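The values are calculated or read from the model by the stated rules, or taken from the named source; none is laboratory data. Given the structure is predicted, the values throughout are model-derived calculations rather than measurements. Glycine also receives a Cβ, built like all others from the backbone with ideal geometry; neighbour counts cover every protein chain displayed.
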Amino acid sequence: MNVIKHGWGQDAWLADFEAERERRAERGDPDWNRAATLPAELVRSLQRFRVGEDGDGSALIGKADRAGDPVYARAVRLFVAEEQNHARMLALLLEAGGAGTLDTHWSDTAFVRLRRLLGLRVELLVLMVAEVVALRYYRAVRDGAADPLTAEVAGRILADEERHVPFHCLRLREALAPLPGPARRAAVLGWRAVLAAATAVVAVDHGPALRTLGVRRRTFVAVTLRASAPMASAIAGTAREVSVAALRVPT
């Protein structure tokens, strides 16, 4: 999938998720017998991110079912399964590093409550905030972690997130299309404002870990927000075609 454009059906995304499920089964897990060397700052950070990956997705699945598109609903279930697999791998990584997991964290609780306020559009807009922040975060972990197992796990999760973002962009593009132009623009501006606030919170909350990974807080925020421009264009439908490569957060 190199381009997102009008008329790109959900069938292609469902096939992509199904193919990825098969590839994941054939590839198998990382070698968990390798011990992981995790700095304390990164342990705390990964524990918090794992909480966000660990939801059951029931609210999103229910809204997808009610949207009346069974193909999209099946794709959403596979998306949720991938997110749960991220949580599983992060838990095993932490275990390999001699650390435990958290049951809850205030940031995840806030996101979940915000996502569940209204319908599928709001759910996806808020979910997209978390996905975009995750792109830059897992890239930082993959590229900055000195531990090979940590870098491998982060790389696997990042590869999934790079597929998730265009999937959600397309659905939001379709969901917002019936709205008048000013309403679409207002929704996208609101999304970017929430993204800016969330990115700043993550930069502060995970600052020690980012510093360990060689990423400054200010750079983390700037790169994430700059990368959101093509995503906003894709969601608003202001560009007929958007390269999937343009939806990835750069280094």
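Can you find even one residue in the stretch 76-92 that is surrounded by 14 or more Cβ atoms within 10 Å (Cβ to Cβ) and within 18 Å of T212 (Cβ to Cβ)? Yes, the stretch 76-92 contains at least one residue that is surrounded by 14 or more Cβ atoms within 10 Å (Cβ to Cβ) and within 18 Å of T212 (Cβ to Cβ). Note on the stretch 112-153: among residues that are touching a Lys or Arg at 6+ places or on another chain (Cβ under 8 Å) and closer than 19 Å to F79 by Cβ, the one that is modelled with the highest pLDDT is L135.
Scanning the stretch 165-184 turns up at least one residue that is closer than 17 Å to A229 by Cβ, modelled with pLDDT under 95, among the basic types (K, R) and in a helix (DSSP H, G or I). Within the stretch 154-162, does at least one residue satisfy the condition of being modelled with pLDDT under 90, surrounded by fewer than 18 Cβ atoms within 10 Å (Cβ to Cβ) and of a type in the set (G, A, S)? Checking the stretch 154-162: not a single residue is modelled with pLDDT under 90, surrounded by fewer than 18 Cβ atoms within 10 Å (Cβ to Cβ) and of a type in the set (G, A, S).
Considering the stretch 5-20, and only residues there that are loosely packed, with under 15 Cβ neighbours inside 10 Å and under 20 Å from the mean Cα position of the chain (by Cα), the residue that is modelled with the lowest pLDDT turns out to be A12.
Exactly one residue out of A40, A67 is small (G, A, S) and at pLDDT 95 or above, and it is A40. If you take the residues of the stretch 80-99 that are part of a helix (DSSP H, G or I) and in contact with a Leu (Cβ under 8 Å, 6 or more places away or on another chain), which of them is nearest to R50 (Cα to Cα)? Restricting to residues being part of a helix (DSSP H, G or I) and in contact with a Leu (Cβ under 8 Å, 6 or more places away or on another chain), the top hit is L90. Considering (1) among the polar types (S, T, N, Q); (2) under 30 Å from A175 (Cβ atoms); (3) at pLDDT below 90, the lone condition that T101 does not fulfil carries the number (2).
Within the stretch 157-188, the set of residues being farther than 30 Å from A146 by Cβ, hydrophobic (A, V, I, L, M, F, W, C) and touching a residue at least 40 places away in the same chain (Cβ under 8 Å) comprises F167, C169, L170, L172, A175, L176, A177, A187, V188.
Checked against the criterion of being at pLDDT below 95, crowded, with 16+ Cβ neighbours inside 10 Å and in contact with a helix residue (DSSP H, G or I) (Cβ under 7 Å, 6 or more places away or on another chain), the stretch 29-37 contains one or more residues that satisfy it. Taking the numbered list (1) under 23 Å from E53 (Cα atoms); (2) at pLDDT below 90; (3) among the hydrophobic types (A, V, I, L, M, F, W, C) in turn, A197 passes all entries but (2).
Residues in the stretch 206-226 that are in a helix (DSSP H, G or I) and either of a type in the set (V, I, T) or touching a helix residue (DSSP H, G or I) at 6+ places or on another chain (Cβ under 7 Å) (or both): G207, P208, A209, L210, T212, R217, T219, F220, V221, V223, T224, L225. I'd like to verify a number: residues in the stretch 41-60 that are of a type in the set (A, V, I, L, M) and either on the phi > 0 side of the Ramachandran plot or surrounded by fewer than 16 Cβ atoms within 10 Å (Cβ to Cβ) (or both), how many? Residues flagged as of a type in the set (A, V, I, L, M) and either on the phi > 0 side of the Ramachandran plot or surrounded by fewer than 16 Cβ atoms within 10 Å (Cβ to Cβ) (or both) within the stretch 41-60 amount to 1.
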